[in-house]
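Only one structure is covered here, and it is reproduced in the block below.
The values are calculated or read from the model by the stated rules, or taken from the named source; none is laboratory data. This one's a predicted model, so the numbers in the text were calculated from it and none came from an experiment. Cβ atoms come from the backbone with ideal geometry, glycine included; neighbour counts cover every protein chain shown. In case anyone asks, the SASA skips ligands and DNA or RNA and just uses the protein heavy atoms, side chains included. Shrake-Rupley method; radii C 1.70, N 1.55, O 1.52, S 1.80 Å.
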Amino acid sequence: MCYGKCARCIGHSLVGLALLCIAANILLYFPNGETKYASENHLSRFVWFFSGIVGGGLLMLLPAFVFIGLEQDDCCGCCGHENCGKRCAMLSSVLASLIGIAGSGYCVIVAALGLAEGPLCLNSFGQWNYTFASTEGQYLLDTSTWSQCSEPRHVVEWNVSLFSILLALGGIEFILCLIQVINGVLGGICGYCCSRQQQYDC
């Protein structure tokens, strides 16, 4: 097994996931495709935490490109030991993984808080508030209560769907970065590739 190949696969996966996180976060600013709620500041407070844009997005691109770039790192020339450069690169990828873990963890936490609190909406009394904040997330199991939000239309479905997507994507990113921590440590100890022949071919 080649640890470098595994790292590159993780890197390419993280790029796709990061772009999806950014897209999902951007959509949260435009319930039903309307821009007026963002300009009037009638959006959930957790939308403004940029969990998908920064945490699951931009912060994830750094480790992703590090993992993809492992292929370009020099194999040799370190202390006279062949494949030492690859080992150092694999160990350094662990640090990049920790940045990814922090970013994805932030994305997961904010998305979970956004789901638990519910959206900011106009209720039946004509007031803008967090109608479901006191339910401790129980509103997610009782869709009949979602009609209490009259504006923006279908805002509960919009927020639940997109925050759930961010929660899932952030969770997958977290797992992939955790895998790369293990992969990077093993690659640094064993060498870029497990098999001796693969090491010489690097």
What tally of residues in segment 1-30 results from selecting those that are surrounded by 21 or more Cβ atoms within 10 Å (Cβ to Cβ) and in contact with a strand residue (DSSP E or B) (Cβ under 9 Å, 6 or more places away or on another chain)? 2
Out of the residues in segment 49-61 meeting the condition of being among the hydrophobic types (A, V, I, L, M, F, W, C) and under 9 Å from Asn25 (Cα atoms), tell me which one is surrounded by the most Cβ atoms within 10 Å (Cβ to Cβ). Ile53
Need the failing condition index for Leu59 against (1) closer than 30 Å to Glu151 by Cα; (2) at pLDDT 95 or above, just the number. (1)
If Ala24 satisfies every condition in (1) part of a helix (DSSP H, G or I); (2) among the aliphatic types (A, V, I, L, M); (3) over 14 Å from the mean Cα position of the chain (by Cα) but one, which is the exception? (3)
Failed condition for Thr131, given (1) part of a loop (DSSP other than H, G, I, E, B); (2) without any contact (Cβ under 8 Å) to a residue 40 or more places away in the chain; (3) under 16 Å from Ile165 (Cβ atoms): (3)
From Gly114, Gly170, grab the single residue that is within 14 Å of Leu43 (Cα to Cα), open to solvent by less than 60 Å² (accessible area, probe 1.4 Å), within 20 Å of the chain's Cα centre (by Cα) and touching a residue at least 40 places away in the same chain (Cβ under 8 Å). Gly114
Which one is modelled with the lowest pLDDT, of the residues in segment 62-83 that are more than 21 Å from Leu176 (Cα to Cα) and open to solvent by less than 20 Å² (accessible area, probe 1.4 Å)? Cys75
Tell me which residues, restricted to segment 120-133, are touching a helix residue (DSSP H, G or I) at 6+ places or on another chain (Cβ under 8 Å), more than 9 Å from Cys149 (Cα to Cα) and not hydroxyl-bearing (Ser, Thr, Tyr). Phe132, Ala133
At pLDDT below 95, open to solvent by less than 40 Å² (accessible area, probe 1.4 Å) and either closer than 21 Å to Phe50 by Cβ or assigned to a helix (DSSP H, G or I) (or both) - does that describe any residue in segment 188-198? yes
Working only within segment 90-104, note down all residues that are surrounded by fewer than 24 Cβ atoms within 10 Å (Cβ to Cβ) and small (Gly, Ala, Ser). Ser92, Ala96, Ala102
Sort through Cys121, Cys107 and tell me the only one that's crowded, with 24+ Cβ neighbours inside 10 Å, under 17 Å from Asn41 (Cβ atoms), at pLDDT 95 or above and not small (Gly, Ala, Ser). Cys121
One residue is enough: does segment 146-167 have a residue meeting the conditions closer than 17 Å to Ser51 by Cα, open to solvent by 20 Å² or more (accessible area, probe 1.4 Å), touching a residue at least 24 places away in the same chain (Cβ under 8 Å) and more than 15 Å from the chain's Cα centre (by Cα)? yes
